[in-house]
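Report on the following structure.
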Amino acid sequence: MTVEREIVTGTDAADAARLTAERFVRFATERGLVEPREDAPAETHIAVSGGSVATSVMPAIVAAADGAGVDWSHVHVWFADERFVPRGHDDRNAAAVASVLRGAKGFVPTHLHSTLSSEIGVSLDEAAAAYERELRVNVPPRSRTPGALPSLDLVLLGAGPDGHTASLFPGRDPEAIAGRVVVAVADSPKPPPERVTLTFDAIDAAQRVWAIVTGEGKAEALRVALTPGVDARTSPLGAVRGTDETLFVVDEAARTALAD
Ligand SMILES: O=C(O)[C@H](O)[C@@H](O)[C@H](O)[C@H](O)COP(=O)(O)O
């Protein structure tokens, strides 16, 4: 059964980040990260993206979590996608996310799961395979079916004006990456060309998928994503779903192409 997609609207990008942070505090509370509970899950696995998710939404989340008393010591942070560039390169999302997480109370630095960077002599394919292995070892699947994919608790996605999300770009065959958790992208239309990304299957195995889509430049991408029945080749953003929750946090500017 497909879970209904929920849309919440902020006045602008900052308000959308605030609304996302509010939802995060609710999520963290449910998982026993504020008041420890006996039946709380031992670990919480979230994946984050680059762009404004790394630079605006994560800071809002960490600030709100701090105000609510969230303990990050059992939280693991993964990347929905990452650019395959040398460590320390400005294009790498890891540095921005690591710096935000320095303010997260109790966060254990080794719980930030970065992808391999390009200067260490691994190929792009090896970097993707290594990240898939790391996810499979650390993140339990929800189903006992053999081969079931790891189920992240929360995936935070952004979206590009072309409807890409993570590094899943339109015009590509989703079947070509079916069953994989992480794949290499060697020819991203948006620079830098080499990336690693979670697949549709990996995102769809996550319990909660939240996409933060703001700004007038995303209006058409949002309209297409919300078109009933849109496929992953036309709109990666429109195709992603969580097992329990799919939430789009948008702003007024991004809604301008939607019918009332
Ligand atoms: O990897 C990239 O090239 C970008 O990070 C990209 O995927 C970004 O996440 C989206 O385009 C949304 O960007 P904004 O949230 O900043 O609009």
### Query
Of all residues in the range 148-160, which are in a loop (DSSP other than H, G, I, E, B), away from the ligand (no atom under 16 Å from the Cβ) and under 15 Å from the mean Cα position of the chain (by Cα)?
P150, S151, L152, D153
### Task
Kindly indicate the residue of the range 204-222 that is in a strand (DSSP E or B) and away from the ligand (no atom under 12 Å from the Cβ) and also farthest from V250 (Cα to Cα) among those meeting that condition.
R208
### Summary
Restricted to the range 161-183 and to residues being within 10 Å of the ligand (Cβ to nearest atom), in contact with a strand residue (DSSP E or B) (Cβ under 9 Å, 6 or more places away or on another chain) and in a loop (DSSP other than H, G, I, E, B), the residue nearest to S151 (Cα to Cα) is A166
### Task
Six or more apart or on different chains, Cβ under 9 Å: which pairs go from a residue in the range 171-194 that's on the phi > 0 side of the Ramachandran plot to one that's among the polar types (S, T, N, Q)? Could you list them?
G171/T234; G179/T199
### Query
Applying the selection to the range 50-104, what residues are charged (D, E, K, R) and either more than 16 Å from the ligand (Cβ to nearest atom) or assigned to a helix (DSSP H, G or I) (or both)?
D66, D71, R87, R102
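Which one of these is among the aliphatic types (A, V, I, L, M) and at pLDDT below 95: A166, A148?
After ruling out the rest, the residue left standing is A148.
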### Considering residues of the range 38-49 that are within 9 Å of D153 (Cα to Cα) and among the aliphatic types (A, V, I, L, M) only, the residue nearest to the ligand (Cβ to nearest atom)
A47
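The values are calculated or read from the model by the stated rules, or taken from the named source; none is laboratory data. Values in this document were obtained by computation on a predicted structure and should not be read as measured data. No Cβ is skipped: glycine too gets one built from the backbone with ideal geometry, and neighbour counts run over all protein chains shown.
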